[in-house]
Every structure is written in structure tokens, then in C-alpha cells.
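The values are calculated or read from the model by the stated rules, or taken from the named source; none is laboratory data. A quick note: this is a predicted structure, and the numbers were derived from the prediction, not measured. Here the Cβ positions follow ideal geometry from the backbone for every residue, glycine too, while neighbour counts run over all protein chains shown. Ligands, DNA and RNA are stripped out before the accessible areas are found, and what is left, the full protein with its side chains, is counted by its heavy atoms. Shrake-Rupley method; radii C 1.70, N 1.55, O 1.52, S 1.80 Å.
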Amino acid sequence: MKFEIKGLEEFSERLKIALKKYPDKAEEKLISIAREFRKDVKKKTPEKTGRLKKSYKLSQVKQIGRTMYIEFRSTAPHFHLIERGHFQKTKHGDRWIPGFRMVEKTVEEYEEKIPEEINRWLEDIFKELR
């Protein structure tokens, strides 16, 4: 008994091409998500002088083994006070100024958003293989 699967060689070739493209595509997607994350944090950031919004920085794509990542940080020395809250001294005593939690809220949003976005992205890659 003999059988033949047509298109297997073509699929195999497309898979090899996709695997070669994957690192670049993954890096592009990571950069895109990081930039969108930064933009969403900026939207939630209170604007008094605008310095805090301008202080958000993204690192270059870094890689450890097969894991790629981008670091998000603020260069503003007062960032942690605005994010987490702080006590303010007044002549009537200390008062608590609550934080805005702009990064924390954005991270929570992205915990739901990212898996959906990555699934769509993977589907697009697999469509190229067909």
C-alpha cells in the first residue's frame, strides 16, 4: 500500500522560511507592543509640566537565550512618587497623596490584551505558510 501527501514539501519549505523570518518578526512585534504600552502609560500620566511623560524610555531589544525583552523605565526622579503615592508635609501635619498607578493599570490591561494580540499575530504567520 502506498500513499502520497501532496503539498508537504511546499509546506516544509514555507515553514523553514517562517522560522528564518521569526526572529525579525518577533522583534518587530515586541517593539510594536512596547511602544503601544508606553503610549498607553503616557495617556494615564497626569500632566503638570509634561516632564514625566517625556521621561518614559524603552531599551533596545535584549535577548537572553531564546527570550527577547524590552525594558520600560522612567528617568524622572519623582516617578515613583506619582506612580505609588507619597506623604506630603504640610503645616497641619502629613497628608497622603495617592498614586495614579499609571504603569500598574496599564500592565493589568496588557495581561488580558497581549495573549489575544499574540494569537492573532501567530495566526497571521501561519497563514503565510499556507
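Between Arg35 and Arg101, the distance separating the two model label sites (each 7 Å from Cα on the Cα→Cβ line) works out to 3.0 nm. Using a probe radius of 1.4 Å on heavy atoms only, what accessible surface per residue do you get for the range 11-130? Whole Å² is fine. Heavy-atom SASA per residue in the range 11-130 reads 76 Å². One equal scatterer on each Cα of the range 75-130, no solvent, Debye formula: the resulting log10 I(q)/I(0) at q = 0.16, 0.24 Å⁻¹ is -0.67, -0.92. Each other residue within a Cβ distance under 10 Å of Met68 adds +1 if Lys or Arg and -1 if Asp or Glu, for a net charge of +2.
Apply the Karplus curve 6.51 cos²θ - 1.76 cosθ + 1.60, θ = phi - 60°, to the phi angles in the range 110-115 and return the couplings in whole Hz, x for Gly and Pro. Each residue's phi maps through the Karplus curve to give 6, 4, 8, 6, 4, x Hz.
To put it simply, the accessible area of the range 39-130 at a 1.4 Å probe is 52 percent carbon and sulfur.
The amide H of Gly85, built 1.01 Å from its N in the peptide plane, has Gly99, Phe100 as neighbours under 5 Å, considering only residues 5 or more places off or on other chains. Hey, how many Å between the Cα centroid of the range 20-60 and the Cα centroid of the range 92-130? So the separation of the two Cα centres works out to 11 Å.
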